[in-house]
């Protein structure tokens, strides 16, 4: 399956300012697979798994500042040649060995020609403990497969062609994507079997695996509120979060800690309220006013016990939230790969003139407001209010209207975009 991360890794490989790379993302989004696939472009590929290669832990602890000694011991274990410039060294599950994380800066300083990539399912928690000198380590974020990657996996053309009528094909695949989501193993299973029941069983297993990881990054006392926030998030997609709606049994401080832990693990993400005065949007953000979205729409559907084998996605009681979850995933996946993605929405609290926009994104020095409709309605008072007050150069109205087209009237600010073509508005053209 084609992943955007592969081309991002190729750009990193060819960069003259390259530093050792930490690939970040939640468990099971395909980090190990994509690095192994990327390794095929090198003459040599050497993989070290710190979960299984326990004998290397003490060596890294003793010699983390001496990459030449580390390489010598790795080659003794792996029996494969490591040559700077033609070898990719992959440190997997690097969170299991903090000394290996510390060693990365020394690979940059002492053997800058060597290509080194590292990944780990619980990496974020180690990074909280360790600091990195600027320029010594690079980061790259990875997510579940977005809709464009899903289409490409099915052999569908994703290059915009105004003369090519492929709306029905896109819509058909979107119906499946909103049920299965973009976790690579589930997409692969769907491609091979076309069996929604098999996909649903895999989703259940992934959810169970995520829950099983909770004791690894929190205390026993924090486990219950952590599980509660994880379970409640899909029920609250698209809603401003009140701690009482998450779980009235726990204090806001406990719930906030749980939210932060789940965000660190990549299992949920915050969408912060912003004044949207301009770029960066974070400058006008209110950290205590936010929405929550899950890692993946399909995983969220399973957590809600929605039976994807028996009913289409638009029969779900939370279909509006599901569509916003989808758009949130899409926006994150098109953020620059080396910048931690952020989500923002706009809310106006004024008597007699309340307004709220689902998302706002940066565009140069300005912002683009996005209003999302789960149906075909073209009514958009909040978007009109935003345009009136903020005067953006462009605005997006995303809906299931069959009359929506990607191109806009040049005299109008609002571009009508069908949900199944939203990715085209995110791609640089």
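The values are calculated or read from the model by the stated rules, or taken from the named source; none is laboratory data. From a predicted model like this one, the values you see are computed outputs, not experimental measurements. Glycine also receives a Cβ, built like all others from the backbone with ideal geometry; neighbour counts cover every protein chain displayed.
Tabulated values for the structure
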| quantity | calculated |
| --- | --- |
| Meets criteria (assigned to a helix (DSSP H, G or I), surrounded by 17 or more Cβ atoms within 10 Å (Cβ to Cβ) and either modelled with pLDDT under 95 or touching a strand residue (DSSP E or B) at 6+ places or on another chain (Cβ under 7 Å) (or both)) for residue 283 | no |
| Subset of segment 286-306 that is within 14 Å of residue 179 (Cβ to Cβ) and part of a loop (DSSP other than H, G, I, E, B) - its residue that is modelled with the highest pLDDT | 296 |
| Single match in 269, 257, 309 (criterion: assigned to a strand (DSSP E or B) and either surrounded by fewer than 15 Cβ atoms within 10 Å (Cβ to Cβ) or touching a helix residue (DSSP H, G or I) at 6+ places or on another chain (Cβ under 8 Å) (or both)) | 269 |
| Residue satisfying all of: in segment 348-399; part of a strand (DSSP E or B) and at pLDDT below 90; nearest to residue 418 (Cα to Cα) among these | 363 |
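Here's the yes/no breakdown for (1) closer than 30 Å to residue 84 by Cα; (2) modelled with pLDDT under 95; (3) under 22 Å from the mean Cα position of the chain (by Cα):
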| position | (1), (2), (3) |
| --- | --- |
| 126 | yes, yes, yes |
| 131 | yes, yes, no |
| 157 | no, yes, no |
| 174 | no, no, yes |
| 208 | no, no, yes |
